[in-house]
Structures are given as C-alpha cells and as structure tokens.
Amino acid sequence: MSGTSLDGLDVALCKVSGSGKFTTVSQLKFKTWVYPPQLKTRILQVFAKETIDFQVLCELNAAIGTLHGKLVLKSLDEWKLKPSQIDLVASHGQTVFHAPIFLYPHAKVNSTFQIGDGDHLASLTGIITLSDFRQKHLAKGGEGAPLAVYGDYLLFSKVGEDRIMLNAGGIGNFTYLPASGKATEVFVTDTGPANTLIDQVVRKYMPTLSFDKDARLAKKGSVNSKLLKALKANTFFKKPFPKTIGPELFNLEYVARAQRESKTESISLEDLLATLTRLSSETMAEAIQKVITTRKTFKLYISGGGAHNPLVMDGLKELLPHVSFHKMIELGISGDAKEAILFAVLANETVAGGRVNFGERSKVPTVSMGKISFPD
C-alpha cells in the first residue's frame, strides 16, 4: 500500500484463512520502505494535477510497478522467504488522481487513477498479483473510495459492539460497524484532510522534513480561529455523506486561499500547523458525530499517521467524549499495517471468496475487486 502521503510503500506479510465473514488474518511481518526523494519529485509531477506530461505518467506506471516488485523481493529476502512461498501479492498502486463528480462538475462519471502496473510487478517477482482494485468499484456506481469498508467489515465487525474504524491517513475516513453485525447497516465515508495539509505545508517550508513528527512544530503554535473558520467554509464539508475526496481539493492552494480570505497570510508556521492540525481533528470528529447521533459509548480504533500525532489525538478525545479510544494492535493488527492488510483481504475475496451484500445503497456496491496479473 502506498497512500496520498507519498511517504513510501507499506509491505505486510499476511497469513489468510477462509473468506467472507469467516476470514481470519494473521500479520506475520511488516515493513515500510521510504520512497527516495527523487521518486517523490517524479510522482509530484503528475500527482493531483489536471495538466501533466503524459510521457512522465506512462513511464511512472511501469517504473512504480517495477519498484514495488523490487521492494516485495527485498522484503522477502529480509524475512528469509522465497517468492515461491507466497500465493499472492495484493498491490494498491500509487494514487495520482481522484475525481468524484462533485469536485469536477463538468465530469460525467466518477474517476480515480492508480499507477504501478501489476504485470510488471508479477513478472519481476514471479508471484500472481492482484492490482487496480478501485476500477470495479467505479464501474458499479461507487466513487472508487473508501474501500476500507470491505475489509473492515470482514475482519473487525463484532455482534454486540458498535465500532468505528477511523483511518487518519492523508485523507481521513471511517467505517461504522454496527453492533447488529448487518452489512446493510455499515456506513463509510471520507471526512476531509487528516495529514495531507500538514505534510504539504511542512514540505514547503521545511524541505528537510516530510511531516511534523509528534506535532513538535504545531505544539509551539496557537490555533487561529479566523483561518480555521475559512478552512472549514468549503462546500465539501456541507456535502451530504457518504463522500470521498483527495489532495485534488485539499492542497497548498486551498490553504493559501483560506489565508487570503481570512487575512492571515502573516501568521507563523507554528500557528499555521496548529490550525491545520485542529482542522483535521474537528472535521474527523464532526463527521463521526453527524453519522453516530446516539450518545451511547462505542469503541473507536484508529490507524494511519494521525494516530501518532498527539495533537490530533488530543483533539479527537476532547471532541468525542463518549468514545472509547483503542489502538489497532488490540485487534491483532498494527495501525500502520492496516491498509496494506485490508487489500490482502480484498485479493483473497476475489480469488477465494464472494461478494458481501451491503444492500441497495449508492457508493457501497456489492463487488469483488482487483485485476489478476500472472507472472508468465
């Protein structure tokens, strides 16, 4: 798994048994391979841009597939395993553009695009590879995201316990798993920015850093209420749930525009980061509050980079006093590995399972996903 943060490739080694509601997964190994700076620079040439050099995109599609294959082999070598011992590789690829219709009114269909060709990965590793998971979701009427709901339901739904699976990655999203255990009552949506605006601002003003580790910079600042109000004024936050979004909206221009509108261009970097961090906490918490209207206590399991940000966590706990917060590791999976493992579950469903019926609801189609690439 490689997300919109562009920080690297997460590789999880999983042992999967069963399928559907009988799926069990053991996380055996996990490693994050950091992307070299030159690769990040190349990806940023096409990332979330409406106008690009198509030759760069075409070359990257193959290059990232090949790189991911090399990193799979390096992982296996480090774990003293042979490719012949691995049944499948599930490769999400690198998202470079996500375009729900509401963000691009001229568009006729929802669209999303991930690069990192599965054939290159399969050919290099010698392992059957499943990739390009999001296109079937689109073809059946979804927005191509969030896909976490499918794995969340199969792995973490528990009868008798209301759960929220919150992923605070580049973009925030959550899955609500009702105590009834019924797939037709499951809910999933994006919430807005989690780490993406924080990371982009840090990279712009502190090029030697890629993120605000432990919120060290944001802790030195204060939340600017005028800027926070301007950041939250975007129509995305008024759009009904469920919805999806990406850095195509939440980017540096978004921040600059809000600063102009609120006349806060001169605030310090620390105040800017404190405000963006608060934005992440508030928009994730408010989205959960709008969906979960009952005041009864439910359990929230958080994953993604935001789980390591103490200011994000402090904000969530302050704004969600009726929530019991838990770490993913309590469910046997590390929060950092969760997204990669969920795509392993999707691949398992495609080759060995079926389709969970989520009901006749828009944006959560009943599908199996992933294209299959054979090594030869």
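For this structure, a couple of remarks:
- Looking across the stretch 83-100 at every residue that is more than 16 Å from GLY370 (Cα to Cα) and in contact (Cβ under 8 Å) with a residue 24 or more places away in the chain, the one that is farthest from the chain's Cα centre (by Cα) is identified as SER84.
- Of all the numbered requirements in (1) touching a residue at least 60 places away in the same chain (Cβ under 8 Å); (2) closer than 24 Å to ILE245 by Cα; (3) not small (Gly, Ala, Ser), MET313 misses one, and that requirement is (1).
- Single match in PHE298, PHE241, PHE236 (criterion: within 24 Å of TYR153 (Cβ to Cβ), out of contact with any Pro (no Cβ under 8 Å at 6 or more places or on another chain) and surrounded by 16 or more Cβ atoms within 10 Å (Cβ to Cβ)): PHE298
- Residues satisfying the criterion are present in the stretch 354-364 (criterion: surrounded by 23 or more Cβ atoms within 10 Å (Cβ to Cβ) and at pLDDT below 95).
- In the stretch 1-52, of all residues being part of a strand (DSSP E or B) and of a type in the set (Lys, Arg), the one that is nearest to the chain's Cα centre (by Cα) corresponds to LYS31.
- The stretch 117-138: number of residues that are in contact with a helix residue (DSSP H, G or I) (Cβ under 6 Å, 6 or more places away or on another chain), small (Gly, Ala, Ser) and surrounded by fewer than 22 Cβ atoms within 10 Å (Cβ to Cβ): 1
- Under the condition of being touching a Leu at 6+ places or on another chain (Cβ under 6 Å) and within 17 Å of LYS219 (Cβ to Cβ), the residues counted in the stretch 280-315 number 1.
- Conditions (1) of a type in the set (D, E, K, R); (2) at pLDDT 95 or above; (3) closer than 26 Å to LEU154 by Cα; (4) surrounded by fewer than 20 Cβ atoms within 10 Å (Cβ to Cβ); number of the one not met by LYS21: (2)
- One residue alone among SER268, SER280 is surrounded by fewer than 19 Cβ atoms within 10 Å (Cβ to Cβ), in contact (Cβ under 8 Å) with a residue 40 or more places away in the chain and polar (S, T, N, Q), and that residue is SER268.
- Against the numbered list (1) β-branched (Val, Ile, Thr); (2) outside any loop (DSSP other than H, G, I, E, B); (3) more than 29 Å from ARG134 (Cβ to Cβ), VAL255 comes up short only at (3).
- Restricting attention to the stretch 258-274, the residues that are basic (Lys, Arg) and either under 20 Å from GLY192 (Cα atoms) or part of a helix (DSSP H, G or I) (or both) add up to 1.
- Test: GLU265 is among the acidic types (Asp, Glu) and within 22 Å of ARG163 (Cα to Cα): no
- First in the stretch 12-35 and more than 15 Å from LYS338 (Cα to Cα), second anywhere and of a type in the set (Ser, Thr, Tyr) and in a strand (DSSP E or B), Cβ under 7 Å, 6 or more apart: SER17/THR24; GLY18/THR24
- Residue in the stretch 314-327 that is at negative phi, part of a helix (DSSP H, G or I) and modelled with pLDDT under 95 present: no
- Among the residues making up the stretch 207-221, those that are in a loop (DSSP other than H, G, I, E, B), of a type outside the set (Lys, Arg) and either at pLDDT 95 or above or closer than 18 Å to LEU300 by Cα (or both) are ASP212, LEU217, GLY221.
- Of all residues in the stretch 140-176, those satisfying the criterion of being among the hydrophobic types (A, V, I, L, M, F, W, C) and closer than 19 Å to ALA90 by Cβ are ALA145, LEU147, ALA148, VAL149, LEU154, LEU155, PHE156, MET165.
- Scanning the stretch 24-56 for residues that are aliphatic (A, V, I, L, M), surrounded by 17 or more Cβ atoms within 10 Å (Cβ to Cβ) and either out of contact with any Lys or Arg (no Cβ under 8 Å at 6 or more places or on another chain) or closer than 20 Å to GLY306 by Cα (or both) yields LEU39, ILE43, VAL46, ALA48.
- Among the criteria (1) surrounded by 14 or more Cβ atoms within 10 Å (Cβ to Cβ); (2) more than 20 Å from the chain's Cα centre (by Cα), the one LYS80 does not fulfil is (1).
- When ALA337 is tested against (1) surrounded by fewer than 22 Cβ atoms within 10 Å (Cβ to Cβ); (2) over 17 Å from THR189 (Cα atoms), just one condition goes unmet, and that condition is (1).
- One residue from ILE302, ILE292 being in contact with a strand residue (DSSP E or B) (Cβ under 7 Å, 6 or more places away or on another chain), within 22 Å of LYS239 (Cβ to Cβ) and hydrophobic (A, V, I, L, M, F, W, C): ILE292
- Subset of the stretch 328-357 [among the polar types (S, T, N, Q) and assigned to a loop (DSSP other than H, G, I, E, B)]: SER334, ASN357
The values are calculated or read from the model by the stated rules, or taken from the named source; none is laboratory data. Nothing here was measured: the structure is a model prediction, and the numbers come from that model. Neighbour counts are summed over all protein chains in view; Cβ atoms, including those assigned to glycine, are modelled from backbone coordinates with ideal geometry.
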